[in-house]
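*Asks:* The structure's right below; bear with me while I get my questions together.
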Amino acid sequence: MGNGLGILGTKVGMTQLFDADKRAVVPVTVIHAEPNVVLKRFTQDNDGYGSVQVAYGDKRPTRTNRPDAGQYAKASEAAGKAVSPKKVIREWRLDGDPSDDLSIGSEVTVERFDGVKFVDVSGTSKGKGYQGVMKKYNFKGFVRSHGTHEFFRHGGSIGTRLTPGHVLKGKKMPGQMGNVRVTTQNLRLHGVDAAKNLLFIVGAVPGHKGSVIEIRPATKK
């Protein structure tokens, strides 16, 4: 794989498969990664760094605004073939200039993950709404003895008196939980189904079913 190039896919859900010895059941997350189309190339000489811009997920042309439509028209002209509008556009930073097989209009498929053992997965975590400190940070809560009145799940003292006279930054307080970008590293790639554009990743990955997930070879393995 190399160079940090990854692929965009949709989280389908979880299932279980047998391991290589057919003796144990492995829980896996199924990612449906249709071919990603290369829209643009960035090189060291022209842009100061190397990367490729890819698009994923078909979208009706009537749902595409004029700036994006112009970008797809430019890509179609450079590729010599029609590049249909997509829902999601991402840029993958590379160690060097893009290789020749990553020309504009070419496709990035799951076949590039053949031989990859571990991957890093990024996505938007499930939103949990507005939560208190016990739910969000696992606070213990107050004692539930006689004399405690409606103070069981409060966060307690949040600041000081005259010095410094304000609440310190980073104080754990109630707030929105989830709905943030999360990256899970070093997940084992159980298998690749190139015919159906599927990736099988051992364990759970961030995001809800149907959300767009970024998969790339692990950087620390």
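*Asks:* With the contact rule set at Cα under 8 Å and sequence spacing of 6 or more, what percent relative contact order holds for the chain? Display every interim value, and only then the final one.
*Replies:* Working: 467 pairs, mean separation 65.9, N = 221.
Averaging sequence separation for qualifying contacts and normalising by length gives 30 percent for the chain.
*Asks:* Continuing with this model, one more query. Around residue 105, under 12 Å between beta carbons, what's the net of Lys plus Arg minus Asp minus Glu among the other residues?
*Replies:* Details: positive: 40, 41, 74, 81; negative: 77, 101, 107.
Spelling it out: positives minus negatives among the neighbours equals +1.
*Asks:* Of the listed values (i) 16.9, 52; (ii) 23.2, 78; (iii) 23.0, 73, identify the label whose number matches Rg and Dmax of the Cα atoms in Å calculated from this model.
*Replies:* Matching the structure shown: (ii).
*Asks:* Residues in the stretch 179-221 near a label at residue 24, defined as backbone nitrogen under 17 Å from the 7 Å Cα→Cβ point?
*Replies:* It comes to 187-191, 201-204, nothing else.
*Asks:* Still on this structure, please answer the following. Roughly how tilted is helix 66-79, in degrees to the nearest 10 and between 0 and 90, from the longest Cα axis of the chain?
*Replies:* 40 degrees
*Asks:* Determine the distance separating the Cα centre of the stretch 148-221 from the Cα centre of the stretch 26-59; give it in Å without decimals.
*Replies:* For the stretch 148-221 versus the stretch 26-59, the Cα centre distance is 24 Å.
*Asks:* Of the candidates 165, 203, 50, which one comes out as most mobile in a Gaussian network treatment of the chain with C-alpha springs shorter than 10 Å?
*Replies:* Among 165, 203, 50, the largest GNM mean-square fluctuation belongs to 165.
*Asks:* In the chain, once you exclude exposed chymotrypsin sites (Phe, Trp or Tyr not before Pro) (DSSP loop, at most 12 other Cβ within 10 angstrom), what's the longest stretch remaining? Write down the numbers at each step before the final one.
*Replies:* Working: sites that count: 151, 152.
With a cap of 12 other Cβ atoms within 10 Å, the longest stretch comes to 1-150.
*Asks:* How high is the relative contact order of the stretch 128-221, in percent, counting Cα pairs under 8 Å that sit 6 or more residues apart?
*Replies:* Averaging sequence separation for qualifying contacts and normalising by length gives 24 percent for the stretch 128-221.
*Asks:* Something else: Among 7, 94, 187, flag the residue with its Cα farthest along the positive direction of the charge dipole of the chain, charges on Cβ as +1 for Lys/Arg and -1 for Asp/Glu.
*Replies:* The residue sitting most towards the positive pole is 187.
*Asks:* Mind listing the long-range amide H neighbours of residue 87? Cut-off is under 5 Å, sequence gap 5 or more, other chains count too, H placed in the peptide plane at 1.01 Å from N.
*Replies:* 56, 57, 58, 59
*Asks:* Return the single residue from 81, 117, 169 with maximal mean-square fluctuation; model: Gaussian network over the chain, springs between Cα atoms under 10 Å.
*Replies:* The residue that fluctuates most here is 169.
*Asks:* Summing +1 for each Lys or Arg and -1 for each Asp or Glu, what net charge is found among the other residues whose Cβ lies under 14 Å from the Cβ of residue 93? Let's see the in-between values first.
*Replies:* Details: positive: 40, 41, 90, 216; negative: 47, 91, 95, 97, 120, 214.
Spelling it out: positives minus negatives among the neighbours equals -2.
*Asks:* Report the residue, chosen from 182, 133, 88, that carries the largest GNM mean-square fluctuation when the chain is represented by alpha-carbon nodes joined by springs under 10 Å.
*Replies:* 133
Here, each number is a calculation from the coordinates, and none is a lab measurement. A quick note: this is a predicted structure, and the numbers were derived from the prediction, not measured. Ideal geometry is used to build each Cβ from the backbone, glycine not excepted, and the neighbour counts take in all protein chains shown.
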